[in-house]
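The values are calculated or read from the model by the stated rules, or taken from the named source; none is laboratory data. Given the structure is predicted, the values throughout are model-derived calculations rather than measurements. Cβ atoms come from the backbone with ideal geometry, glycine included; neighbour counts cover every protein chain shown. Just so you know, the surface numbers come from the protein's heavy atoms only, side chains and all, with ligands and any DNA or RNA stripped out. Shrake-Rupley method; radii C 1.70, N 1.55, O 1.52, S 1.80 Å.
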Amino acid sequence: CMIGYHSVSVIADAISKGIVDFNLPIAYEAMKKSAESKQRYGLGAYIENGALSVEDESESVSKTLEYAYDDWCIAQVSKFLGYESEYNTYMNRSQSWKNLFDSESKFIRPKKNGDFLSPFDPYEVNNNFTEANAWQYTFFVPQDIPGMVNAYGGVAQFENKLDSLFNAKTKTSGRDQADITGLIGQYAHGNEPSHHIAYLYHTIGKPTKTADKTHQILNEFYHNNPDGLIGNEDCGQMSAWYVMSAIGLYQICPGNPQYEFSTPLFKQVVIHLENNKKFIITNLSKNKGEKYVQKLNAPFQNKMMQINYQDLINGGSLSYYTTSTKDSAYQLYNRSYSLIEDNQQIIINPLIKSSQNPFIKDAKVNMNASAGSAIFYTLDGSFPTLDSKQY
């Protein structure tokens, strides 16, 4: 009943973890059918134009972002099956979020008639987002975190944006939305699109900030009462976040079998696996209340606090020491990994600015191409090429 076609992420994640004992060709055809049903939920306009606009479909921003993530998942399965053409197609579509990113405001924004919709208030809850606002959905790019970091201008600028999210005022504007609860600034733990955001600090080498936020959420937003959840328990996701974060593991991007490791709530966690093996996580420090990892022991000392699914499922142990001071905590360097290859970068749609809309006879229209690109056009309805007239 929700947006996107997220069953594809479940299938892609299973394949990435070596779970392939099902009919892969039939599953793959079903995945593609979900992604190519052009009559459903604006998919035709999304495929044709690289993003949804306000005039195409309600909740256009959220649908564009969630379609883009799902398309990345299909691309991974295409690669696994050796379908290069489909892989390239869906990898290109997985970057559609870039067509809604405003480099000036540094928010992902709705578009109308080729330009960003104005006026714009990132706190406003409206029909361009699904149960959220621009603050919360701007960070929903789990498949292209380095691309998101680059869009902000680098690691420092992206860190500032994350800080701004958690430090923003907690009041929203626009319509009342019961799902937006559990606010830390504009981070909304009561609704799922925010759930990976605290772990984004890990990807830019700031694990202490992830520890701060996850422990605040674990300790303040969950209580052993009938109303002990801060938000909507959609398909068990509120509880799943707690269980995973309490044992210190979280997967930012299903389809990529990597778990971020952050300090658990417990001195020792024993995970009983289906293959009858165990994975044991142990804090070797004797002091209580320390939440910053100071040192990882072998064989994970060079893993940069990221654990592969296969390392978990094989069984074994992870032991670590903690500290109470950020200055002596473990630091992550060069963590910004890419899930989208450099040769798959898309050309961003131009911005089209018009003084009036709609127009009857004529109107002046200005177009701005993205950096390093040019616009070619035709007036006879034919498709432009590099030999057409340059704007």
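Per-structure values
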read-out: With at most 14 neighbouring Cβ atoms within 10 Å, loop GluC sites (Glu not before Pro) (DSSP) excluded, longest segment of the chain; value: 105-232
read-out: Calculated from backbone phi, Karplus (6.51, -1.76, 1.60) coupling profile of the range 50-63 in Hz, x at Gly/Pro; value: x, 4, 9, 10, 4, 6, 7, 6, 5, 6, 4, 5, 4, 5
read-out: Cross-link reach list, aspartates and glutamates versus Lys98, counting only Cα pairs under 12 Å and skipping chain neighbours closer than eight places; value: Asp144
read-out: Surface per residue (accessible, 1.4 Å probe) for the chain, Å²; value: 49
read-out: Given the chain, longest segment not containing exposed loop trypsin sites (Lys or Arg not before Pro) (DSSP; at most 15 other Cβ within 10 Å); value: 41-168
read-out: Computed label-point distance, nm, for sites Asn167 and Leu24 using a 7 Å Cα→Cβ extension; value: 4.8
read-out: Gain in span if fully extended, Asn225 to Lys33, counting 0.36 nm per residue against the direct Cα distance; value: 64.8 nm
read-out: Residues of the range 79-119 with amide N under 18 Å of the 7 Å Cα→Cβ point at Asp362; value: none
read-out: Fluctuation leader among Met367, Met305, Met148 - the chain, Gaussian network, Cα springs under 10 angstrom; value: Met367
read-out: Lysines whose Cα lies under 21 Å from that of Lys295, excluding same-chain neighbours fewer than 8 positions away; value: Lys206, Lys209, Lys213, Lys267, Lys286, Lys303, Lys326
read-out: Spatially proximal lysines relative to Lys79 (Cα-Cα < 21 Å; intrachain offsets below 8 disregarded); value: Lys17, Lys32, Lys33
read-out: Share of carbon and sulfur in the accessible heavy-atom surface of the range 160-241 [1.4 Å probe, %]; value: 45
read-out: The chain - charge dipole about Cα centre, Lys and Arg +1 at Cβ, Asp and Glu -1, debye rounded to 20; value: 1080
read-out: Segment Leu117-Lys389, extension gain: residue separation times 0.36 nm, minus the distance between their alpha carbons; value: 95.0 nm
read-out: Calculated FRET efficiency for the pair Arg40/Lys79, C-beta based, R₀ 22 Å, to 0.05; value: 0.30
read-out: Highest-fluctuation residue, Asp179, Asp102, Asp21 considered, GNM on the chain with Cα pairs under 10 Å; value: Asp21
